[in-house]
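What follows is calculated from the coordinates using simple rules that are stated; it is not laboratory data. Everything quoted here is computed from the prediction, not taken from an experiment. For neighbour counting, all protein chains shown are included, and Cβ atoms are generated from backbone atoms with ideal geometry for every residue, glycine included.
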Amino acid sequence: MFQRILVANRGEIALRVFRACRELGIETVGIFSEADRGAAYLELADEAYCVGPPKVCDSYLKIDRVISAAEIGNVQAIHPGYGFLAENAHFAEVCRSCNIEFIGPSHEAMALVGDKNAARQMARQADVPAVPGSDGLVSNETEALRIAHEIGFPVLIKAAAGGGGRGMRVALNDLALKSSLQQAQAEAGAAFGNSEIYLEKYIEHPRHVEVQILADLDGNVVHLWERDCTVQRRHQKLIEESPAPQLDGQTRAAMCEAAVRLVNAANYTNAGTVEFIVDRQGRFYFIELNARIQVEHPVTEMVTGIDLIKAQIRVAAGEPLPFGQEGIQSRGAAIECRINAEDPTKHFRPCPGTIQRLIVPGGFGVRFDSHVHAGYTVSPHYDSMIGKLIVHQPTRQEAIDCMQRALGELRVEGVRTTIPLLKEVLAHSAFNEGLVDTTFIERTWP
Ligand code: MV4
């Protein structure tokens, strides 16, 4: 097992990894930018090094500085968290070349699943349902029009190097497809340095359901059931839950088994999330494989009782998974609300500033993962999430009631937050009936 781990991240996920390491008896090295110097959560690391000025491109994303901190800190492994360098295959490769374990998949598997077209091809080979669409990349108009007529409009043009909602354009007819094609290729080239695109049938008003996976270095792959992340705005998730409401047992089992097949086919190891969309007829389609631990991992931890961060560290240290598939039961219902320092009345404009007063809820089945405290200044340099409120109860209704009670207790004074909107969503009949789709927020709160 590792003696020391560097956590190449900040905020609540850095704190989450510090905590898991402390419990495993592993020392931790933190990194911080000038904007995070002195932040309270860094005190929970054994030591911490400054990697640069506030801007992420000059600090948290500077591979040479992160590696230097790892060398100075004399660590055996690096946990990347999510975002930042978590899905940067080059960073994972640099770690390996410096004899530092990267706590995540191999850089080969990361690069493979990072190519959304290659991942789609692999899904089809692994008999995982993919959205009807092109059989590989599409380069010219003629080909695109032929495929569009085969699958029917509307179609989605997707960038192979995109993902997470980036590099996607909907085309409703031939004319739109012709003009969107060039624009999509140009945008993808500019944004990702890779203008390759592919086509998919646009599944309208889908639900967004993802399956948590863990795979060790001995070829054991298990799923830890699903999370429904449909309540989101502009690809920013607001509420996540498990089990997914309105998903019948057969579909759930088929989706989880498909996720395991795909992870096996990709030779993927450590934690990952296989993302699907579900259409209104209840059919599910593979979309992409996220090669990182996700913000919403606590939802799965609550219903399965498994600490995913500890599991990641153990797998990276070469330990076999301590459980088989039959040992992973999902119990009760868990919901997570992301608490962002944003103003819902001003188009979710980020609201940096100093938290004057913080009152955190508690009680049976309530968890609050956050790095903030009274006096903490929310920086404008980083994303606006200041914490995650998670509840776990025997049933979904009790979880909703518990979340409403906990949101009622949560006080964040000094910055505007998404708490008022979250309360409204949880009170909405469509949410209570589990009948929302990915356009719910934009449609209901235009
Ligand atoms: C789709 C889709 C509908 N049809 N693909 C969004 C980001 C990435 N995770 C994949 N995503 C989607 N891919 C096809 N063929 C719907 C989504 C989608 C979505 C799209 C627009 C607005 C919000 C969305 C939220 C989740 C998924």
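Data for the structure
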quantity	calculated
Global geometry of segment 187-247, whether rounded, prolate or oblate, following the gyration tensor of its Cα atoms and the 1.5 cut on a/c	oblate
Positive-end residue, the chain charge dipole about Cα centroid, Cβ charges, pick of Ala39, Tyr268, Ala86	Ala39
Taking Ile197, Ile277 and counting other C-beta atoms within 10 Å, the order from fewest to most	Ile277, Ile197
Computed FRET value (nearest 0.05) for Leu137 with Asn267, which takes r as the C-beta separation and R₀ as 25 Å	0.70
Potential lengthening between Leu217 and Arg349 on full extension [0.36 nm per residue; Cα-Cα distance subtracted]	43.2 nm
Hz values of 3J(HN,Hα) by residue in segment 154-162 - Karplus curve (6.51, -1.76, 1.60), Gly and Pro given as x	x, 10, 10, 9, 10, 7, 4, 9, x
Residue order, fewest to most surrounding Cβ atoms within 10 angstrom, among His381, His208	His381, His208
Phi-based couplings in Hz for segment 269-285 (Karplus 6.51, -1.76, 1.60; Gly and Pro marked x)	10, 6, 8, x, 10, 8, 9, 10, 10, 10, 7, 5, 8, x, 7, 10, 9
Residues with amide H under 5 Å from that of Asn270, placed H, sequence gap 5 or more	Ala215, Asp216
Of the DSSP H helices in the chain, those whose Cα atoms cover at least 18 Å axially and whose Kyte score averages 0.0 or more	11-24, 174-192, 249-265
The chain: C-alpha gyration tensor shape, a/c 1.5 cut-off, then a/b vs b/c	rounded
Sorted by Cβ density within 10 Å, fewest first, the residues Lys55, Lys237	Lys55, Lys237
Gain on full stretching of the segment that runs from Glu150 to Ser68 - 0.36 nm per residue minus C-alpha separation	24.2 nm
Two-site label geometry, Arg283 and Arg124: point separation in nm, points 7 Å out along Cα→Cβ	1.5
Under the Karplus curve 6.51 cos²θ - 1.76 cosθ + 1.60, θ = phi - 60°, whole-Hz ³J(HN,Hα) for segment 329-344, x wherever Gly or Pro sits	9, 9, 10, x, 9, 10, 10, 10, 10, 7, 9, 10, 7, 9, 9, x
Entries of Lys178/Lys201; Lys237/Lys388; Lys116/Lys310; Lys346/Lys423; Lys55/Lys237; Lys310/Lys423 with Cα pairs more than 21 Å apart	Lys116/Lys310; Lys55/Lys237; Lys310/Lys423
Computed magnitude of the charge dipole of segment 118-165 (debye, nearest 20; Cβ of K, R +1, Cβ of D, E -1)	140
